[in-house]
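Just so it is clear, none of the values below were taken in a lab; they were calculated from the coordinates. Keep in mind the model is a prediction, meaning the values are calculated, not measured. Quick reminder, even Gly has a Cβ in these numbers, built from the backbone with ideal geometry, and neighbours come from all protein chains shown.
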Amino acid sequence: MTASKNASQVSGEIGIVPADIKCGIIMPIAAFDGCEKEHWAEVKLIIEESVKSLGFSPNLVSDSADVGIIQKRIIENLYDNPVVVCDVSGRNPNVMFELGLRLAFDKPTIIIKDDKTPYSFDTSPIEHLEYPRDLRFPKMVAFKAALAEKVKNTYERSQKDESYTTFLKHFGTFKVAKLDKEEVSADAFLMEEVRGLRMAVSQVTGMVSTLMNSRLSHVPIAGNLFPIPGGMIQGVPISNMTLEQIDKRVPPTVTEVKL
């Protein structure tokens, strides 16, 4: 590549990519497999620093500037992002599902994992870049450099070679799944977004209504005892408790209801 590249391109420490090119990230973000969310936040930062050195704009595939249905956003990003880095450490079910979708689209994908996670049978033929789970500094420096080089080479090859494949076409000739897109008017787009928001609100309302009706006979609905996802009973998250445990922690009758 030469200095004559047009001004809409930005130069990184290792290579040059067009401005605003996304690099999607699939990885755990909450506490999982013995690692707190802070651990995954640090891993995410390391991945972001690595791809930013190339000029890419990193983003979780669940992220979007728009408000909408998260599943729709994830599918669109899995399909649209020119390259994706997937961390399968711990073999998180959501991560593995999203990786499966990305591979089904046969889009450029780089898989990474920590040294405590075994290979999965279905994806073991794909090269995995490995990093230490304890994130030791010297090894992470080497990992960041290796990841940047892998992302750069994968992206460049996918742009130059129309037959490039990460996984699917190594096993035969397949018709790759595609997302059909069509241009719509601003009014039609807004109506579709409103329908999506109404659906999301309806789902949340139904969930809250079900929980309230099932627990109203013996759960105080006051302060932090309001029985909704993320709520607490005597300092313990409801999501971590069984119904039997909830029954033991709350009084048998309602003495006060505050909304």
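Here are some notes:
- For segment 51-129, applying the loop criterion from DSSP together with a ceiling of 10 other beta carbons within 10 Å to the chymotrypsin sites (Phe, Trp or Tyr not before Pro) yields 121.
- Among the GluC sites (Glu not before Pro) within segment 55-151, those in coil by DSSP and having at most 12 neighbouring Cβ atoms inside 10 Å are 127.
- Cross-link table 72/160; 72/144; 113/139; 52/160; 113/160; 37/139, entries beyond 19 Å C-alpha to C-alpha: 72/160; 72/144; 52/160; 113/160; 37/139
- Per DSSP, loop GluC sites (Glu not before Pro) in segment 17-48 with at most 12 further Cβ within 10 Å: 36
- 27, 199 arranged by Cβ crowding within 10 Å, fewest neighbours leading: 199, 27
- Long-range HN-HN contacts of residue 110 with modeled amide H, under 5 Å: 84, 85, 86
- Least to most buried among 201, 61 (fewest other Cβ within 10 Å first): 201, 61
- Between the alpha-carbon centres of segment 103-171 and segment 21-99 there is a gap of 14 Å.
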